[in-house]
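Following: one structure in structure tokens, then a few remarks.
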Amino acid sequence: MSDPYGAGHGPERTAAAFAAVYGGPPAGVWAAPGRVNLIGEHTDYNDGFVMPLALPHTTLAAAAPRADGRLRLHSGGVPEAGVIELRIAELAPTAAPRGAAARWATYPAGVAWAMREAGLAVGGADLHLDSTVPTGAGLSSSAALEVATAAALNDLYELGLAPQRLARLCQRAENAFVGVPCGIMDQTASACCTEGHALFLDTRLLTRRQVPFDLAAQGLRLLVVDTRVRHELADGAYANRRASCETAARALGVRALRDIPYVQLKSALADLGEDDRLRRRVRHVVTENRRVEEAVALLDVGEVRAVGPLLTAGHASCRDDFEVSCPELDLVVESANAAGALGARMTGAGFGGSAIVLVTEADAERIGQVVRDAFAAAGYRAPRVFPTLPSPGARRLA
Ligand code: GLA
């Protein structure tokens, strides 16, 4: 099964593209990956647990410092936007780059702004960015763009910031500069994941543990299925889910839903009274945190296959209790599981985007085809299916 998104690209090409745009070589090239989330969905803004892994698909940033305080941005993916030139001292959320073609530039500009807002001595820079992370597929292309920029500026200006700090600055950029109320998972995954592992992250304490996730050794594969469904509604629905969780936490007298232990779920649901929708939102978050802990315990003892049913249970909870799935994601899960997958679920915010499917190596091709056939039979657009492996987080390549 080949990868329709072609994960591989190299620092040489990105450095050459930088030189063609700016007339000289970059000072370096940095990479930051996209991610899938193995389990722990819509838990990060509830101070809960998540367990993402990095994709082999990356955003590469070739960059050089500038002494004149200008920030120049160019994207290999959006060449029609040309070189976007900004003044680093004038960056402000209210003065973000305008226009559809320049929207991509709000992410790197936001990162420079967030670093300066935090009092860090970041000056001007030239940046050229290339990416193989599928955009709009729920695979965190935005986080990859932010983290690649942050890693470049961190080194160019010798800030010495640790990966988790870079992730926080990127989340700040996305929340306050780009205007997306995301949690901390995607940026942390891009900055902190390591090859061969899933990252167990406590999003309140920001404590992290690399949990071995060795698919190959167990004869397993993780398929990513990009449904290619992009829902316009997604932003509003995401904010709405966040608001419901905050309302429920207030009603229950806790700082965040993370503070409701699984053993107290029943009494918490009783305390919420008649509001069935709010009760289902809470049940999702509390049971999902529990599923992450169970998945960690299984992976710690090498029981990778046994994680499958937790994935499927997580999907049902996203679908029925949190209501963030869609018919195409449900069809991936149903068709793959009916064909003998070990487990499957939507990954990321939902409302379209991608699903993951855990399969044996022997079944990978067949189950991928079953999902494609199911989409064709339902009259849906053909999905993109590719196998993935837990890959390295952000790093300097050259
Ligand atoms: C998006 C957000 C994350 C997280 C997920 C849902 O990917 O960026 O912070 O909330 O949705 O788990």
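Summary table below
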read-out	value
Residue count, the stretch 151-169 (criterion: touching a residue at least 60 places away in the same chain (Cβ under 8 Å) and within 20 Å of Leu199 (Cα to Cα))	3
Residue satisfying condition, being among the aliphatic types (A, V, I, L, M) and touching a helix residue (DSSP H, G or I) at 6+ places or on another chain (Cβ under 6 Å), within set Ala270, Ala256, Ala251	Ala256
Sole exception among (1) of a type outside the set (Val, Ile, Thr); (2) crowded, with 24+ Cβ neighbours inside 10 Å; (3) over 18 Å from the mean Cα position of the chain (by Cα) for Pro108, by number	(3)
Number of positions in the stretch 122-146 that are among the β-branched types (Val, Ile, Thr) and either within 16 Å of the ligand (Cβ to nearest atom) or part of a strand (DSSP E or B) (or both)	2
Per-region count, the stretch 222-261, residues hydroxyl-bearing (Ser, Thr, Tyr) and exposed (fewer than 13 other Cβ atoms within 10 Å of the Cβ)	0
Conditions (1) open to solvent by 10 Å² or more (accessible area, probe 1.4 Å); (2) under 14 Å from Thr312 (Cβ atoms); (3) within 16 Å of the ligand (Cβ to nearest atom): number failed by Ala355	(1)
Pro65 being away from the ligand (no atom under 16 Å from the Cβ), surrounded by fewer than 19 Cβ atoms within 10 Å (Cβ to Cβ), without any contact (Cβ under 8 Å) to a residue 40 or more places away in the chain and under 23 Å from Ala15 (Cα atoms)	no
Lone qualifier among Gly119, Gly77 - being under 19 Å from Gln171 (Cβ atoms), part of a loop (DSSP other than H, G, I, E, B), open to solvent by 30 Å² or more (accessible area, probe 1.4 Å) and more than 16 Å from the ligand (Cβ to nearest atom)	Gly119
Residue selected from the stretch 294-347 under the condition open to solvent by 20 Å² or more (accessible area, probe 1.4 Å) and of a type in the set (Val, Ile, Thr), by the criterion farthest from the chain's Cα centre (by Cα)	Val301
Per-region count, the stretch 36-56, residues touching an Asp or Glu at 6+ places or on another chain (Cβ under 8 Å), within 9 Å of the ligand (Cβ to nearest atom) and either open to solvent by 10 Å² or more (accessible area, probe 1.4 Å) or not in a strand (DSSP E or B) (or both)	4
Filtered residue count, the stretch 149-176, keeping only those that are among the aromatic types (Phe, Trp, Tyr) and open to solvent by less than 10 Å² (accessible area, probe 1.4 Å)	0
Test: residue in the stretch 27-38 that is under 30 Å from Ala248 (Cα atoms) and among the basic types (Lys, Arg)	yes
Residue within the stretch 21-33 that is under 22 Å from Trp104 (Cβ atoms), part of a loop (DSSP other than H, G, I, E, B) and in contact with a Phe, Trp or Tyr (Cβ under 7 Å, 6 or more places away or on another chain) present	yes
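The values are calculated or read from the model by the stated rules, or taken from the named source; none is laboratory data. Everything quoted here is computed from the prediction, not taken from an experiment. Note: ideal-geometry Cβ built from the backbone for every residue, glycine included; neighbour counts use all protein chains shown. With ligands, DNA and RNA removed, areas are computed over all heavy atoms of the protein, side chains included. Shrake-Rupley method; radii C 1.70, N 1.55, O 1.52, S 1.80 Å.
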